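Reading through the C-alpha cells given below for one structure.
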Amino acid sequence: MIQRDLVIVGAGPAGMAAAATACRAGLGVTLIDENLSTGGQIYRQSPAALAGLSVPTGESSLHGKQMIGELESLKDQIEWLPNTSVWGYFPERRLAVRSDRGWQIIAAKQIILAAGAYEFVSPFPGWTLPGVMTPGGAQSMVKTMNILPGSRILIAGSGPFLLVVAAQLHAAGAEVVGVLETARRRDAFRHLPSLFSYPKLLRQGRHYLQQLRKANIPLHWGHLVTSAEGSECIENATIAACDGNGRPRGQASTIAIDTLCIGYGFVPRTELAQMADCAMEYCELIGGWIPQVDATFETSVSGVRVAGDGGGVAGAIVAEIEGTVAGLAAAHQLGTIDDVTYQARFDPLAKQLRKLRIFRSALDRIYRIRPGLLDLACPDTTICRCEEISRQEIEEGIEFGGTNISTLKVITRAGMGPCQGKMCWPAVARLIADKEGKSVAEVGNVRVRPPIGSLAMTDLLTELSLDPIQEKH
Amino acid sequence: MAKTAEVIVVGGGVIGSAVTFELARRSVDVLLIDKTLPGRATSASAGGLWPVGEAVGLGCGIIHHQSHSKSGVLNDELLLPGFFRDFLAQSNSYFPELAAELKEFGGVDIEYEPGAGLMFLYFNEEEKQFVQLVADSLPQENNLEVLSALEAKEIEPQLTGDLLGAARLADEHQVNPMLLAEGFKRAAIALGAEFRHETKAAELCREGDKIVGVQVEEERFSCKTVVNAAGAWAGNLAETAKIRLPIFPVRGQVVLTQTLPHVLNACLSNSGCYILQKKHGEVLIGSTTENAGFDVSVTPEAITHLCNAAVRTVPCLRHVGIKRVWSGLRPGTQDELPILGPMENISGYMNATGGFRTGIVASPLTGRIVAQQITDQELDFPIETFLASRFKRTAAETR
C-alpha cells in the first residue's frame, strides 16, 4: 500500500495552515474535507454562482480568503480531496475515506486531525421544534445558500460567536430581535484584565459589540431562553434573567419570534482521535473530552496530531497557529526540515500560543457552560433526539441501574441512534453524574464506532484504487 | 469486610446472568460480579435463536466453515452432534415462557420476536446439495422445508432474484441479546441475588484441590462454589487457579444499519453473512469468525465484505445508511460445543462458558443445568458431554 507522507483531515483554519506549512517544508500533503471547498465552517465561502449575493464579511473573513488563496497557489503540489469524508481510523495510521465514487484506505506516515468542533445545545423544553437551530446552522444557510432562516430571529446561548451570527443575519436582512447571553456582564468584567493580554482579539470583540449597537440589536447579559413554544413550529420563546450558575430568576417573559438560534459554545470533534485510541482527558472549559497532546500537538498515538478546535475549542486564530506547529512538527519528524530551522520557527509560535492561552482561558471562564442549564429540561423534554428519549426515561433508566454508559444505552436506547450519542451524551453524562454523586469525567465517554458521519452500504460496494487520486480543478 | 456468598458467578454476559437467575430462583445466596470488557460476545451477538440452524451450520456455521476449512467443501463436517441440536432445541423451547418471566420478575422486555423463521438462502449447486444433505440428516420433527426461489420470495419479497432456493426453519426467531442478559440480571436481583458491576475478578483462590473464593483487587470474596462464566476470558480466569481450559476468542464483526421500516420478515443467512431486522428497525448484518486473539478492532475488509454480501442478498439495502460497526469475542472451543459443569479433581468450581456462537439460544437451559448441578437437583439435560474432561480424553485417544 502506498503510504502518503502527511494526511490532514479537515480544511478549516488548522488544516489549511498545516497543509501550507508542511507542503512548503517539503512534505507530500493530502488534504481531505467533506465540503466542496476549503475554509471550514468559519471561512466558508459562497459558491461562485452566489458570490454577488453573499453577506458583507468582516476582517476575519478577509484573512480566511487570504488563507484559501495561499493554499490555492500550492494546489499543484497538494493532493486535495474535496467532498470526501473519513469514516474510520484503522491501526497503523490508515484512514478509511469515501467519496461519491467509492471508498478506499489511505495510509499515512503522519496524520493531522483538524476536524473542528460542533455546536453544543443544552436540552430545554421545545428545543426540537422546527425553527429552533444552532447559530452555526443559520450562518451556513446565509453564507452558502443566501437563505434567511426566518424573519424574526432571537439569538441565545453563550459565547462571542452569537454576536458574529447576529451581525451577519442582520446584514442579510433578517430582523434580529436580540441576543441573550447567559454569562453576566460582571462575569465579563471580572476577566477583563486577562483579555487585555491580546489587544487585537479584544478589539475584535469590541467591533462585534459595536456592530450590534449600530444595528440596534439589544444584547442582554445574564439572560437565557427557558423554553420554546409553538404548535407546528416555534412561535414564542420564554426568556428570563439568570444567576451565575445559569438558573433562571425573577419574572419570565415571552417574545414572539419565528426563529431561535441557540448554542452554548462548541464540543470538539474527537471521533477519529478516539477511534485511533488516543489517550483522552476531560477538560470542561474547552468542550469536554479531548485528546492529550504534547507541545507539537502529537497525541499518545505516534505520528497522529490533533490541531485546532478538534483538540479543544479555542477559535480560528489559535487553530491556525496550532495547525502551523503541527505541520512543521510532521515535517521535522519525517526529516524534511532540520532541527535548527524547526526550532527557530517553533519557538515564536509556541510563545504566541502561550499568550493567546491567557486570553482564551479568560473567555472560557466567562462563557463556561453553567450547571443550571440542564435543569431547564422538563421530565418530558427529549434528551436523545435520535431515539426520542425523554429526560424522565433517562432518569428512570439510571434509577433502574443504568449508572454506566453501556447499561443505560441498553435499558433506554439513549445514544443508540446514528449520532452515536454525540448530541445527547454531554447532557446524559451530567444526569448520571448528578444522580450518582460523581464527576462527569468519572462517568466516562461513549465509545466511538465506525462509521463517523453518514455512510451508506452503496458507498462500500466500490473500492477505489490505492494510487493517490489526483483531483484537479 | 470480607464478602462471602454461597456461589459467586464471574461474568455478567448472557450465560453468567442466566446462571445467576436460575440460582436465585432456587434461593441460593449468589453474587454476580462483572467487569464489562470491550468485546463481550453478548453485546455483539445478533440475538438469533436458531437452534437447529446453528447445529447444522446454516447460521454462522457455514460462514465459519468457509473461512476456516481447508477444503472449503460443504459436507457433514458442518453438522454438530445430534445431542447438541437437541440441547439447543430444548433450550429454545423455554423462550416464550422465559420472556414473560423476565418481564414479570425484572421488568425487562427481551424483545422476543416470532417472525417467519430462519431462511438459509442458496445461490449455487454445491450449496443446494448441502441443504439436501442437511435435510436428510434431520429427524422429521425439526421441520426443515426446502423452498424454491419463488416460494422464498413469497415469504421475503425483498430477496434478490439470483436466488436458487432456500431452506426454512419456521420456528427459529430472535431476541435482543443485551436485553436478555439484562433481563436475567434484573430478575436475579429481584429474586435476591447480589450484583456488583465494574468489579474485576483478578484471580480464583485455590487451596489444594478446592476453589474457595475470588480475589477482587484488595478484597477476597469467599464462597462454596465459583462459576466461571467469563466468556472468551474464561481460560485466562481458570489459569489463575492453574486450571487449563481450552477456550479461545473468536472475533465476530457486525454491521448495523439505520432504523428502517419493516423490510424483513425472516432471519436470513447465506454462506457470506446473516441478516436480520431488529425490533427497533435496524438491520443487523453479521458476522465474521476470526482468530484475532483479544483484539476487538474492526477491519475495513470485513465491513465491506459484510455489506457486499448483504446487498447481494437483499438489494434494497444498497442505499441504506450504516449506523455502526463493532465486534465481539465469542468464547470458542475446538469442537464448537460449550464447556459446562465441574472439572475433574477440583471442587468448588463450575464451568459455564464456551458458548461460541450459540450462547444466546443456549442460555436458558445452560442456566438451568448449571444451577441444578450446583444444588444437586435432577438435571433437565445430561451435562456429561459438555464436561471439560472431554478434551483430555480426545487428546489421550489420539495419542
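The values are calculated or read from the model by the stated rules, or taken from the named source; none is laboratory data. Fair warning: this is a prediction, and the values are worked out from it, not measured in the lab. No Cβ is skipped: glycine too gets one built from the backbone with ideal geometry, and neighbour counts run over all protein chains shown.
Here are a few things to note about the model shown:
- Test for B:Asn270: is it under 21 Å from B:Pro338 (Cβ atoms) and either surrounded by fewer than 24 Cβ atoms within 10 Å (Cβ to Cβ) or not hydroxyl-bearing (Ser, Thr, Tyr) (or both): no
- Enumeration of residues in the stretch A:372-392 that are away from every other protein chain (no Cβ under 14 Å) and loosely packed, with under 14 Cβ neighbours inside 10 Å: A:Pro379, A:Asp380
- Of all residues making up the stretch A:360-410, the number that are farther than 16 Å from A:Trp127 by Cβ, touching a residue at least 24 places away in the same chain (Cβ under 8 Å), part of a helix (DSSP H, G or I) and touching a helix residue (DSSP H, G or I) at 6+ places or on another chain (Cβ under 6 Å): 5
- The stretch A:322-371 - residue that is among the acidic types (Asp, Glu) and crowded, with 20+ Cβ neighbours inside 10 Å and, of those, modelled with the lowest pLDDT: A:Asp364
- Residues of the stretch B:290-313 satisfying the condition of being among the hydrophobic types (A, V, I, L, M, F, W, C) and either within 18 Å of the chain's Cα centre (by Cα) or at the interface with chain A (Cβ under 10 Å from one of its Cβ atoms) (or both): B:Phe294, B:Val296, B:Val298, B:Ile303, B:Leu306, B:Cys307, B:Ala310, B:Val311
- Subset of the stretch A:289-316 (residues that are over 12 Å from the mean Cα position of the chain (by Cα) and not hydrophobic (A, V, I, L, M, F, W, C)): A:Pro291, A:Gln292, A:Asp294, A:Thr296, A:Glu298, A:Thr299, A:Ser300, A:Ser302, A:Gly303, A:Arg305
- Checking the stretch B:326-333 against the condition returns a match, with at least one residue being at the interface with chain A (Cβ under 10 Å from one of its Cβ atoms) and not charged (D, E, K, R).
- The stretch B:230-298 holds strands (runs of 3 or more DSSP E) entirely within its bounds, and those carrying 1 or more residues that are touching a Cys at 6+ places or on another chain (Cβ under 7 Å) and in contact (Cβ under 8 Å) with a residue 12 or more places away in the chain map to B:248-259, B:274-277, B:282-286.
This table checks each residue for (1) in contact with a Cys (Cβ under 6 Å, 6 or more places away or on another chain); (2) in a helix (DSSP H, G or I); (3) of a type in the set (A, V, I, L, M).
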position: A:Gly246; (1), (2), (3): no, no, no
position: A:Thr254; (1), (2), (3): no, no, no
position: A:Gln274; (1), (2), (3): no, yes, no
position: A:Val293; (1), (2), (3): no, no, yes
position: A:Ala314; (1), (2), (3): no, no, yes
position: A:Ile317; (1), (2), (3): no, yes, yes
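- When residues of the stretch B:279-289 are limited to those that are more than 10 Å from chain A (Cβ to nearest Cβ) and buried (at least 20 other Cβ atoms within 10 Å of the Cβ), the one farthest from B:Val254 (Cα to Cα): B:Thr289
- Evaluation of B:Phe195 against (1) under 28 Å from A:Arg413 (Cβ atoms); (2) over 20 Å from the mean Cα position of the chain (by Cα); (3) more than 14 Å from chain A (Cβ to nearest Cβ); (4) of a type in the set (Phe, Trp, Tyr) (one fails), failing number: (3)
- Within the stretch A:72-117, the set of residues being within 14 Å of chain B (Cβ to nearest Cβ) and either among the β-branched types (Val, Ile, Thr) or not in a strand (DSSP E or B) (or both) comprises A:Val86, A:Pro91, A:Glu92, A:Arg93, A:Val97, A:Asp100, A:Ile105, A:Ile106.
- Failed condition for B:Leu204, given (1) part of a strand (DSSP E or B); (2) surrounded by fewer than 23 Cβ atoms within 10 Å (Cβ to Cβ): (2)
- Filtered residues of the stretch B:88-112 (kept if more than 17 Å from B:Arg25 (Cα to Cα) and in contact with a His (Cβ under 9 Å, 6 or more places away or on another chain)): B:Asn92, B:Glu111, B:Tyr112
- Residues in the stretch A:421-462 that are assigned to a helix (DSSP H, G or I) and away from chain B (no Cβ under 14 Å): 12 in all.
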